[in-house]
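The values are calculated or read from the model by the stated rules, or taken from the named source; none is laboratory data. The shown structure was predicted, so the numbers you read here are calculated from the model rather than taken from an experiment. Cβ coordinates were reconstructed from backbone atoms using ideal geometry, including for glycine residues, and neighbour counts include every protein chain displayed. Calculation scope for accessible area: heavy atoms of the full protein, side chains included, ligands and nucleic acids excluded. Shrake-Rupley method; radii C 1.70, N 1.55, O 1.52, S 1.80 Å.
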Amino acid sequence: MNPAESATSPLRELLEKMVATRQLSPGDAQALARQAASGGGDAPVRSEEDVLRWLAKEYDLAFTALDDVEPDKEVISLFPARVLLKDELLPLRRVNGAVEVATSKLFAAQGLDTLRAMTGLRLRPVLAPTEAIRREMKKRLGVGADTIDTLEEETPFQVVDEGGEEDTNLDTAAEDASIIKFVNQVLRDAIELRASDIHLEPFEDELRIRYRIDGVLQEIPVPPQIKRFQPAIVSRVKILSHLNIAEKRLPQDGRIKIRIDDGEVDIRVSVIPMLHGEAVVLRLLRQSATLRGMAELGMDTREVKSFRRILGLPHGIVLVTGPTGSGKTSTLYTALNEINDAVRKIITIEDPIEYQLKGVNQIQVSEKAGLTFARGLRSILRHDPDVVLVGEIRDQETAQIAVQASLTGHLVFSTLHTNDAPGALTRLVDMGVEPYLVASSLEAVLAQRLVRVLCERCKEEDHAPATQAFKTQLGWPPEARIFRAVGCRECRQTGYFGRHAVFEWMDATNEIRSMVLKNCSADEIRVAARRAGMKTLAEDGWRLVRLGITTPEEVLRVTKDQSPGGGGEDSVAERLGAGRA
């Protein structure tokens, strides 16, 4: 008889799976199934953790969810990482002459037996959930510890000395199965953690790996001996991105396309020689990311109305500005998606193409082949488009062609790197576009930044005196709620999970057009735009703070504007900082 056949379907599947992985004996599975069928027991059994708690009680063992347990580094170092990872065993601490070892597989005794034989230590099993053990092992042992451990034991090779002769074995080492597995693990780990970039940074005595998650770099634990395999790891990345593995003196750029979990990820690779070896940065672009509608962008009512009005115009230029990685392309794609229909011809020229839009003609810039933004834009205009998206205005030639395109009956979208919306007007003039052309063609500028969103699981209301002073400065009522970041397992102890955009929308009013003709400064244009109703990036950020989406510190981190409370941003930062101290 199936040990769990009398239980409900989800529980039956769970028990069968746990018997198969030797977490549970067939007899215990039958007992649990009978208990579930009769409605007995202290609490219903629904998850792996419930079963493990039941087992701990039955066999008089300890149980821990590992949330409040800090494994002892010295105790972990007594055991080979390869065995710990293979059998998912996590040494915790010494207690009364024995070492407590967390496991979720009570009936897979060979792992504990191996450790006993190798170390001669007395071991005591402690039950813990599988995911918790894996999480802690990754944190304590580092990403890819098992593969590096295998390399050390089975496939040693000579690393080239700096300035020495090239070792031909080094190139073949990049194709070693363990190196391949390690690089794959790093890529998968970064994708699972929602990272936008992976940084491999060589230093004198370590190879540091960092992921950019929600716009902030976070160091990832890796085995200390990974430094020995740095050249082979870099060579493996080069092989994947079709770069020259023999060239170690010049910067190189490449790309990798991988398929993972039924989705594609386009990876842009940059390799630059540094003092202690080649540094690598990989930018992850998820091709399967779903586009949101205008309503999901999170704009305030005024900005949404203005944006929709602009999308209905027959011609003109709309610019989105902000630093790299501030979500400009996502906003523009959302706009294109909104107007993508059977009666409009939409053509884009981009570097890289981050999303594939059905019904939109997309062109990839290729500097090597001579297809630049300017050359591609000229060709696009002979293709009878209604709407044109230029990925970025980088030079005078592209700027002038874009302006001319807007004046000849095309709606042109593009991006610029400026600190705020008014700065885009003066930047175009600085690039060599005549002020009268800028004044007559530009319809609107949208500046944006991304702030981190508070983790819903752990955020708490902030009652600090500095927060009360902050509310007074902004003219908010005392009962207005402001939340602070705390940190939990879900958000990797950062207090934040995901990002949200803050916007600064500036319409090109008649007053602003005349100011461009007079070559007024960006500061003067900003004053006029504020009179016309423009909210600064910081003001839009305070809106998100009041909605409980982010924190004042996050808004201050990404904006450089004057706060609306009368004092500067620095005074707000000083108050908050003093209150936190």
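So here's what we get for this one:
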{"read-out": "Qualifying helices (runs of 4 or more DSSP H) (wholly inside the stretch 83-198; at least 2 residues being modelled with pLDDT of 85 or more and surrounded by 13 or more Cβ atoms within 10 Å (Cβ to Cβ))", "value": "110-119, 130-141, 177-192"}
{"read-out": "Failed condition for R513, given (1) within 22 Å of R302 (Cβ to Cβ); (2) assigned to a strand (DSSP E or B); (3) open to solvent by 20 Å² or more (accessible area, probe 1.4 Å)", "value": "(2)"}
{"read-out": "Within the stretch 19-74, considering residues that are within 22 Å of V99 (Cα to Cα) and aromatic (F, W, Y), the one surrounded by the most Cβ atoms within 10 Å (Cβ to Cβ)", "value": "F63"}
{"read-out": "Some residue of the stretch 455-466 being buried (at least 19 other Cβ atoms within 10 Å of the Cβ), over 30 Å from V390 (Cβ atoms), among the charged types (D, E, K, R) and touching a strand residue (DSSP E or B) at 6+ places or on another chain (Cβ under 9 Å)", "value": "yes"}
{"read-out": "Output for the stretch 528-558, where each listed residue is within 15 Å of K471 (Cα to Cα), open to solvent by 50 Å² or more (accessible area, probe 1.4 Å) and of a type in the set (A, V, I, L, M, F, W, C)", "value": "L547"}
{"read-out": "Contacts under 6 angstrom Cβ, first residue in the stretch 309-332 being small (G, A, S), partner part of a helix (DSSP H, G or I), 6 or more apart", "value": "G316/S406; G322/K328"}
{"read-out": "Search result, residues across the stretch 409-454 that are of a type outside the set (V, I, T), touching a helix residue (DSSP H, G or I) at 6+ places or on another chain (Cβ under 6 Å), buried (at least 23 other Cβ atoms within 10 Å of the Cβ) and not in a strand (DSSP E or B)", "value": "P422, L425, L428"}
{"read-out": "Filter result (among the basic types (K, R) and either modelled with pLDDT under 90 or in a loop (DSSP other than H, G, I, E, B) (or both)) within the stretch 472-489", "value": "R481, R489"}
{"read-out": "Candidate set from the stretch 251-260 (those that are in contact (Cβ under 8 Å) with a residue 24 or more places away in the chain and under 15 Å from P352 (Cα atoms)); member that is surrounded by the most Cβ atoms within 10 Å (Cβ to Cβ)", "value": "I256"}
{"read-out": "Close pairs from the stretch 261-285: first in contact (Cβ under 8 Å) with a residue 24 or more places away in the chain and at negative phi, partner of a type in the set (K, R) and surrounded by fewer than 16 Cβ atoms within 10 Å (Cβ to Cβ), Cβ under 7 Å, at least 6 apart", "value": "E264/K257; D266/K257; P273/R249"}
{"read-out": "Index of the failed condition, M506 passing every other in (1) surrounded by 16 or more Cβ atoms within 10 Å (Cβ to Cβ); (2) within 23 Å of the chain's Cα centre (by Cα)", "value": "(2)"}
{"read-out": "Those residues of the stretch 274-313 which are in contact with a Gly (Cβ under 7 Å, 6 or more places away or on another chain) and modelled with pLDDT of 90 or more, in sequence order", "value": "R302"}
{"read-out": "Number of the condition not met by Q404 [criteria: (1) part of a helix (DSSP H, G or I); (2) touching a strand residue (DSSP E or B) at 6+ places or on another chain (Cβ under 8 Å); (3) under 24 Å from Q362 (Cα atoms)]", "value": "(2)"}
{"read-out": "The stretch 276-332, residues that are closer than 23 Å to A399 by Cβ, open to solvent by less than 20 Å² (accessible area, probe 1.4 Å) and polar (S, T, N, Q)", "value": "T321, S326, T331"}
{"read-out": "Hits in the stretch 320-359 - residues which are under 26 Å from V216 (Cα atoms) and among the aliphatic types (A, V, I, L, M)", "value": "V320, L332, I353"}
{"read-out": "Counted residues, the stretch 376-392 - those being open to solvent by 10 Å² or more (accessible area, probe 1.4 Å), of a type in the set (A, V, I, L, M, F, W, C) and within 31 Å of the chain's Cα centre (by Cα)", "value": "0"}
{"read-out": "In the stretch 199-225, residue nearest to the chain's Cα centre (by Cα) [restricted to those that are open to solvent by less than 30 Å² (accessible area, probe 1.4 Å) and hydrophobic (A, V, I, L, M, F, W, C)]", "value": "I213"}
{"read-out": "Selection from the stretch 463-478 of residues that are farther than 14 Å from T551 by Cα and of a type in the set (S, T, Y)", "value": "T472"}
